[in-house]
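Scroll down for the structure; my scribbles are underneath it.
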């Protein structure tokens, strides 16, 4: 008769094991168990003989990272080195159960969090497990700064990157070192149009990976798009990519390039560090008590 895991443990003779469910941000769900046969519950099949183990869970009431990690052997059938290098496990959701393998309905959730740092060591890996309180360690609230604090296209910016002229999908022609893309015929966009924008891979081994554009140079013969860092997986000729326009967070760019100044999330007239040493005279003379930040009104 099915009971609870607590009732099962109270019997003295137990048939318990641990099971881990990993759900990546690309929608892939994987299950592992330290039992000697596969288990299935919560819509996930927990595979045995994967070589995955976990250290004792140590959870605190503070905001520090929980002292937990999972370790295992790299395997083509489970966690691959290519997926780790591509960052597909970064930020993946993790759930750990204690489960009665004789009756999987008797189980208890021990841990819920995400994967932090993943370290490769020879033919194995170690993944840091971070608890739910980790999200509270990031800065909260609005920043007061001259540049825009929004991300282009997010809920605060509200700009539609699907609008005509602000994104392009093309097949890769030439790529060097995994981060320099060259196109023989890529007109229709101004020089540096995609600088500080995003490059997303749509097909191929690197499908789903995203990187930030460092440089975008247009000449009569070629357009060269350079990323800040090489993608974690190989990108080859014929793979489809999507390039999105970049924003340097300045109010002039927001107004002229995107016509979105109404949603600018910065404070361009905020005083800088030199304000304390500023004299009361405006540039060009004059001590009439007027604003030091005078400029013509926006058209």
- Output the number of residues of the range 148-164 satisfying the condition of being touching a residue at least 12 places away in the same chain (Cβ under 8 Å) and within 19 Å of residue 193 (Cβ to Cβ). 6
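Are any residues in the range 132-148 in a loop (DSSP other than H, G, I, E, B) and over 27 Å from residue 191 (Cβ atoms), and if so, which ones?
Taking the range 132-148 as the starting set, the residues that turn out to be in a loop (DSSP other than H, G, I, E, B) are 138-148.
Listed by number, the residues that qualify are 138, 139, 140, 141, 142, 143, 144, 145.
Name the residue, out of 87, 122, 116, that is buried (at least 16 other Cβ atoms within 10 Å of the Cβ), modelled with pLDDT under 85, more than 18 Å from residue 19 (Cβ to Cβ) and out of contact with any strand residue (DSSP E or B) (no Cβ under 6 Å at 6 or more places or on another chain). Steps first, please.
Numbers: 122 fails: buried (at least 16 other Cβ atoms within 10 Å of the Cβ); 116 fails: out of contact with any strand residue (DSSP E or B) (no Cβ under 6 Å at 6 or more places or on another chain).
Being buried (at least 16 other Cβ atoms within 10 Å of the Cβ), modelled with pLDDT under 85, more than 18 Å from residue 19 (Cβ to Cβ) and out of contact with any strand residue (DSSP E or B) (no Cβ under 6 Å at 6 or more places or on another chain) holds for just one of 87, 122, 116, which is 87.
Condition first: in contact (Cβ under 8 Å) with a residue 24 or more places away in the chain and out of contact with any helix residue (DSSP H, G or I) (no Cβ under 9 Å at 6 or more places or on another chain). Can you find one or more residues in the range 116-123 that meet it? Break it down into steps so the answer makes sense when it comes.
Step one: list which residues in the range 116-123 are in contact (Cβ under 8 Å) with a residue 24 or more places away in the chain, which gives 116, 118, 120, 123.
The next check asks that each one be out of contact with any helix residue (DSSP H, G or I) (no Cβ under 9 Å at 6 or more places or on another chain); those that pass are none.
The answer is no, given that none of the residues of the range 116-123 is in contact (Cβ under 8 Å) with a residue 24 or more places away in the chain and out of contact with any helix residue (DSSP H, G or I) (no Cβ under 9 Å at 6 or more places or on another chain).
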- Residue that is over 30 Å from residue 259 (Cβ atoms), outside the structural domain of residue 38 (by TED's automatic domain parsing) and out of contact with any strand residue (DSSP E or B) (no Cβ under 9 Å at 6 or more places or on another chain), where the choices are 173, 177: 177
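Quick test for you: out of 208, 165, pick the one residue that is at pLDDT below 90 and out of contact with any helix residue (DSSP H, G or I) (no Cβ under 7 Å at 6 or more places or on another chain).
Values: 165 fails: at pLDDT below 90.
One residue alone meets the criteria, 208.
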- Query: All but one of (1) at pLDDT 80 or above; (2) surrounded by 12 or more Cβ atoms within 10 Å (Cβ to Cβ); (3) part of a loop (DSSP other than H, G, I, E, B) hold for residue 3; which doesn't?
  - Reply: (1)
- Item | residue 227 being without any contact (Cβ under 8 Å) to a residue 60 or more places away in the chain and within 23 Å of residue 189 (Cβ to Cβ) | yes
- Message: It is to be established whether one or more residues within the range 23-30 are assigned to a strand (DSSP E or B) and more than 26 Å from residue 91 (Cα to Cα).
- Response: no
- Note on the structure: Those residues of the range 219-259 that are in a strand (DSSP E or B), within 19 Å of the chain's Cα centre (by Cα) and surrounded by fewer than 17 Cβ atoms within 10 Å (Cβ to Cβ) come to a total of 1
- Message: Quick check on the range 159-168. Is at least one of its residues over 19 Å from the mean Cα position of the chain (by Cα) and in a strand (DSSP E or B)?
- Response: yes
- Item | Residue selected from the range 171-213 under the condition without any contact (Cβ under 8 Å) to a residue 24 or more places away in the chain and outside any loop (DSSP other than H, G, I, E, B), by the criterion farthest from the chain's Cα centre (by Cα) | 176
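The values are calculated or read from the model by the stated rules, or taken from the named source; none is laboratory data. Please read all numbers here as calculations on a predicted model, not as lab measurements. Here the Cβ is made from the backbone with ideal geometry for all residues, glycine too, and neighbour counts use every protein chain on show.
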